[in-house]
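The structure appears below as structure tokens.
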Amino acid sequence: MKHPGVREMLAATVYVALLGCLQAQQLQGHVSIILLGATGDLAKKYLWQGLFQLYLDEAGKGHSFRFHGTALTSTEQGQEVIAKVLESLSCPSDTAPSRCAELKAQFQQLSEYRRLKTPEDYLALSKDIEAQVQHEGLREAGRIFYLSVPPFAYADIARNINSSCRPGPGAWLRVVLEKPFGHDHHSAQQLAAELGSFFQEEEMYRVDHYLGKQVVAQILPFRDQNRKALDGLWNRHHVERVEIIMKETVDTAGRTSFYEEYGVIRDVIQNHLTEILTLVAMELPGNVSSPEAVLQHKLQAFQALRGLQKSSAVVGQYQAYSQQVRRELQKPDSFHSLTPTFAGILVHVDNLRWEGVPFILMSGKALDERVSYARVLFKNQAYCAQSERRWEAEQSQCLPRQVIFYIGHGELGSPAVLVSRNLFRPSLPSASWWEVTDRPGLHLFGRPLSDFYAYSPVREQDAYSILISHIFHHRKDSFVTTENLLASWVFWTPLLESLAREVPRLYPGGAENGPVLDFEFSSNRLSFSQPPPEQVVPGPGSVPTPSHFQVLTAKYRHSPLISAWPEELIARLAGDIEAAAVRAVQRFGKFHLALSGGSSPVALFQQLATGHYGFPWAHTHLWLVDERCVPLWDPESNFQGLQAHLLQHVRVPHYNVHPMPVQRHQRLCAEEDQGAQAYAEEISALVTNSSFDLVLLGMGTDGHTASLFPQSPTGLDGEQLVVRTESPSRPFQRMSLSLPLINRARKVAVLVMGRMKRDIAMLVSRVGHEPKKWPISGVLPTSGQLVWYMDYEAFLG
């Protein structure tokens, strides 16, 4: 080289750069982990061990740590509890005892207990962290607050963290929250709003520990790594059904206070099993390693779930439960709980991939075994000429074909992914999953283990250890976002409300249950397979069940009244509509049916779609009684409700479906577009004498019917068949059949359901013909029949 000093200068530059890299690695920053509720059961059983595992995994990789156990317990008592917990920590089995002792000693040195109660306590903690970081010449990377406390304490803790204990600029904050996250959609919204006022979404980590279980965490990677084999199979054409199950042998003794408030659906199904459902059903993103893409696709799966009805579920309760509640909560001897400890639920995903495929979610206490799994069972349309004893597991298409995500316990005793040998050989990461050898005599789902390719984790890890690592590494896809949480509650809350007064079937518990909890399903309905045995029927003083009442017939406003429990009422109304349809088609060759929108007819639509195969749909014309002035695809559209709950499930010729023309020339209900006049002309052209064979109406709490509202004369009289009206609530603009047109019908059925309708039902029973005050009072067919269908809650309160 021409300049001898250049080489030395380059060498020095490289050395400085390397030294800088090493220093940067060594000084990535200090992380403080604050465990609130550090002396509680969850912390003692799982969380301290998870924090120790984090330390084992991350020690020497550039971060320094300090672990602060906090609670409301006094300092002396808390220190004593924490000392015992730290002493009980364990290392992985491949760690030498001497090395384990050394690591435990280091972790104990880095762990402390302090009382954390007042705002001053939080401020003192923050100052201590800052002083330690400054004293040791470190840079603060961030703080993790793990809230292992009841949700009612979240708001005060969040306020104190936000005001007094946030890290400084450049450092991150992560706040970890344990379920339950609300009791229903409204309470979840309130809690989310409260937390959202203190923390950003990216700072919150809501834990569902099932997402940390190794097999559950493997569902998406498994689907991704086996795309080629699964792409043609993972759909409605090949999947017969999906079962997502969590069975427990223990009962709720010692937890009845919690269970009385939440029950099995809120405790397990709304969260754990629903999360698994979304992982199985969601569309695979192009990159399953992208948390943002995964969370977005999970949200889309939530949005595709078909709404649940009361008939979508069966519930049970083990016999000793009410007695346990009376003892633990000091209830009187007459007390009988309605809280379900068992539930089976039928879920459908309304998209092209899963249309018609039943997803069965089931969980319960005091059952015959402890096991959890998600099982995808494929259709079998093969016939094998040879006898079953000659079928070969890897070749015979007559053997069951299934993919099973075996979460744990049960006969197998450990987590595993199993794929039928006659399906395909799966690909799993060989570094972390190993193929299980055959265990003669072991059968799973009626087949020997040798029928499956079976893979288990090389090293089993606790779910909390995995999730704590994901929190540290900012893996948000392993946690529940606010948006997904609220989407889940939107889905589950209506079912929970409909089951609030349902009497659960009693079962003895354990192996004695026999077939008493077996259930079967068809289309949208799920029901127990057998009537309850005499010995498990509720005794004297228990809450009456719907079967204790017959359908009641009477008079209401001088017209026939049919009253019953909701299921019986809907079944009766659906039967009456089918009978009217059959008669009309026999006489006239067609049946003109005008239907109202809203929530009340949804159960009726589903009943007609799933239980009336003799209905003459091919000769039925469907009309709308009223419509909101929104696009037909809008969720608020009455036509959209009709499409979702009825039309897509029956075969009505498209030219026999008559939506109201609320959108013309890219405008909504514009007077100059004459949509109401166009609908009236269509009715006059197709419906003889403009007399519908049957009109289905509802009744609002203010006495309105169709979209004819009190204090508004529009549509109550005159010659117009269809009118534009104004609603007192959004969306304000509506289109409606007029009262004179409704009264031309051969039959008018008024469906009234729910306790909220009790007051208006009582009021309308006493008023005369006053449609301007109560439009429903103006419904009286000129030459047809009026029949009221009213459930017991609306009729009797």
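The values are calculated or read from the model by the stated rules, or taken from the named source; none is laboratory data. Computed from a predicted structure; not experimentally measured. So basically every Cβ, Gly included, is an ideal-geometry build from the backbone, and we count neighbours across all protein chains shown. Heavy atoms of the whole protein, side chains included, go into the accessibility calculation; ligands, DNA and RNA do not. Shrake-Rupley method; radii C 1.70, N 1.55, O 1.52, S 1.80 Å.
Leaving ligands, DNA and RNA out of it, work out the accessible area of ASP518 with a 1.4 Å probe and give it in Å² to the nearest 10.
80 Å²
Largest first and in whole Å, give the semi-axes of region 218-317's equivalent ellipsoid, each being the square root of 5 times a Cα gyration tensor eigenvalue. Each step should come with its number before you reach the end.
On the way: eigenvalues 187, 51, 39 Å².
The three semi-axes for region 218-317 are 31, 16, 14 Å.
Under unit Cβ charges (Lys, Arg +1; Asp, Glu -1), what dipole magnitude, rounded to 20 debye, does the chain have relative to its Cα centre? Numbers along the way, then the final one.
Numbers: 75 positive and 81 negative charges, 172 e Å.
Here the chain has a charge dipole of around 820 debye.
Starting from 0.36 nm per residue, how many nanometres of slack lie between SER427 and SER74 once their C-alpha separation is accounted for? Display every interim value, and only then the final one.
Working: separation 353, 0.36 × 353 = 127.08 nm, distance 5.27 nm.
Contour length minus the Cα-Cα distance gives 121.8 nm.
Would you mind getting me the FRET efficiency between GLN108 and SER197? Use the beta-carbon distance for r and R0 = 41 Å, nearest 0.05. Please report the intermediate quantities before stating the final value.
Numbers: r = 38 Å, r/R0 = 0.92.
Approximately 0.65, to the nearest 0.05.
Got a sec? Which residues in region 635-656 would a label at SER523 touch, if it sits 7 Å along Cα→Cβ and we count backbone N under 19 Å?
Output list for this probe position: 641-654.
Determine the percent antiparallel among the DSSP beta bridges restricted to region 29-178, to the nearest 5. Before the final figure, lay out each step's value.
Details: 0 of 26 bridges.
Roughly 0 percent of the DSSP beta bridges within region 29-178 come out antiparallel.
What length, rounded to one decimal in nm, is gained on full extension from THR249 through to ALA382, with 0.36 nm per residue of separation minus their alpha-carbon distance?
Numbers: separation 133, 0.36 × 133 = 47.88 nm, distance 3.74 nm.
That pair, THR249 and ALA382, stretches by 44.1 nm at full extension.
For region 214-228, just list the computed ³J(HN,Hα) in residue order, Karplus coefficients 6.51, -1.76 and 1.60, θ = phi - 60°, integers in Hz, with x standing in for Gly and Pro.
Each residue's phi maps through the Karplus curve to give 4, 6, 5, 5, 8, 4, 5, x, 4, 4, 6, 5, 10, 3, 4 Hz.
Given a 1.4 Å probe and every protein chain left where it sits, what share in percent of the accessible area of the chain is carbon and sulfur? Present the calculation step by step, with values, prior to reporting the outcome.
On the way: 18640 of 36570 Å².
Percent of accessible area from carbon and sulfur atoms in the chain: 51.
Per residue, how much accessible area does the chain show when a 1.4 Å probe rolls over the protein heavy atoms, in square angstrom?
Working: 36570 Å² over 797 residues.
Value for the chain: 46 Å² per residue.
When DSSP beta bridges are limited to those with both residues in the chain, what percentage is antiparallel, rounded to the nearest 5?
Working: 60 of 122 bridges.
Roughly 50 percent of the beta bridges in the chain run antiparallel, per DSSP.
For percent of Cα pairs over 45 Å apart, pick the label among (1) 39; (2) 56; (3) 45 that corresponds to the value derived from the coordinates.
Answer by label: (1).
Multiply the residue gap between ARG99 and LEU352 by 0.36 nm, knock off their C-alpha separation, and tell me the result in nm, one decimal place.
Details: separation 253, 0.36 × 253 = 91.08 nm, distance 5.52 nm.
Here the answer is 85.6 nm.
Give a residue-ordered list of calculated ³J(HN,Hα) values for region 272-286 (Karplus: 6.51 cos²θ - 1.76 cosθ + 1.60, θ = phi - 60°; whole Hz; x for Gly, Pro).
4, 6, 5, 4, 5, 4, 5, 5, 6, 8, 5, 5, 6, x, x
Please list, in chain and number order, the residues 5+ apart from LYS747 or on another chain whose amide H is under 5 Å from its amide H, with Hs placed from the backbone.
LEU694, VAL695, GLN785
What accessible area, in Å² to the nearest ten, does a 1.4 Å probe give for ARG166?
ARG166 has an accessible surface of roughly 70 Å² with all protein chains in place.
Mind ordering 380-390, 366-376, 123-133 by average Cβ neighbours within 10 Å, highest first? Provide the component values of the computation, followed by the final result.
Details: 380-390: 9.0, 366-376: 20.6, 123-133: 16.2.
Packing order, densest peptide first, comes out as 366-376, 123-133, 380-390.
Pick out, from LEU47, ALA431, LEU279, the residue whose Cα sits farthest towards the positive end of the charge dipole of the chain, with +1 on the Cβ of Lys and Arg and -1 on the Cβ of Asp and Glu.
It is LEU279, whose Cα lies furthest towards the positive end.
Helix 48-58 versus the longest principal axis of the chain: what is the Cα-based angle in degrees, 0 to 90, to the nearest 10?
60 degrees
Tell me, what is the percent relative contact order of the chain, built from C-alpha pairs under 8 Å that lie six or more residues apart? List each step's numbers first, then the result.
On the way: 1436 pairs, mean separation 74.8, N = 797.
Across the chain, relative contact order equals 9 percent.
Debye sum, Cα scatterers, region 650-797, no solvent: what log₁₀ I/I(0) at q = 0.10, 0.12, 0.13, 0.18 1/Å?
Log10 of I(q)/I(0), two decimals: -0.37, -0.53, -0.63, -1.14.
With 10 Å bins from zero, work out the P(r) of region 29-178 over every alpha carbon pair and list the percent per bin.
Per 10 Å bin, starting at zero, the Cα-Cα P(r) for region 29-178 comes out as 11, 42, 36, 10, 1 percent.
Would you list, by chain and number, the aspartates and glutamates whose Cα falls below 16 Å from the Cα of LYS772, excluding same-chain residues fewer than 8 positions away?
Straight-distance partners of LYS772: ASP702, ASP717, GLU726.
Exactly which GluC sites (Glu not before Pro) in region 245-349 are in a DSSP loop and have at most 15 other Cβ atoms within 10 Å?
Details: sites: GLU248, GLU260, GLU261, GLU275, GLU283, GLU292, GLU328; in loops: GLU248, GLU283.
Counting only loop positions with at most 15 other Cβ atoms within 10 Å, the GluC sites (Glu not before Pro) in region 245-349 are GLU283.
What lysines could a cross-link reach from LYS247, if we take a straight Cα to Cα line under 17 Å and drop same-chain neighbours fewer than 8 places away?
LYS213, LYS365
Using only C-alpha positions, report the orientation-averaged shadow area of the convex hull of region 36-92, nm², one decimal.
Values: hull surface 16.5 nm².
Projected area, direction-averaged: 4.1 nm².
Given the peptides 54-60, 482-488, 212-218, arrange them by the average over their residues of other C-beta atoms within 10 Å, most packed first.
Going from most to least packed, we get 212-218, 482-488, 54-60.
Report the Stokes-Einstein translational diffusion coefficient (µm² s⁻¹, integer) for region 462-538, Rh taken as the Kirkwood radius over Cα pairs, at 4 °C with viscosity 1.567 mPa s.
Details: Rh = 16.7 Å.
Translational D for this selection: 77 µm²/s.
Reachable aspartates and glutamates from LYS476, Cα under 13 Å, same-chain residues fewer than 8 places away excluded?
By straight Cα distance, LYS476 reaches GLU201, GLU202, GLU203, ASP208, GLU292.
Is it possible to state the helix-based mean residue ellipticity at 222 nm for the chain, with each DSSP H run of 4+ residues giving -39500 (n - 2.57), the sum divided by total residues, to the nearest 500 deg cm²/dmol? What is it? Show your work: numbers first, answer last.
Values: 22 runs with 253 residues, N = 797.
Theoretical 222 nm ellipticity from helices: -9500 deg cm²/dmol.
Would you tell me the accessible area of GLU136, worked out with a 1.4 angstrom probe on the heavy atoms of the protein chains, in Å² to the nearest 10?
Solvent-accessible area, nearest 10 Å²: 100 Å².
Could you tally the net charge around GLY589, taking each other residue with its Cβ under 14 Å from the Cβ of GLY589, Lys/Arg +1 and Asp/Glu -1?
Numbers: positive: ARG583, ARG587, LYS590; negative: ASP693.
Net charge in that neighbourhood comes out at +2.
Under the classification rounded if a/c is under 1.5, otherwise prolate if a/b is larger than b/c and oblate if not, where does region 552-796 fall, given a ≥ b ≥ c as square roots of the Cα gyration tensor eigenvalues?
Numbers: a/c = 1.40, a/b = 1.08, b/c = 1.30.
Here region 552-796 falls in the rounded category.
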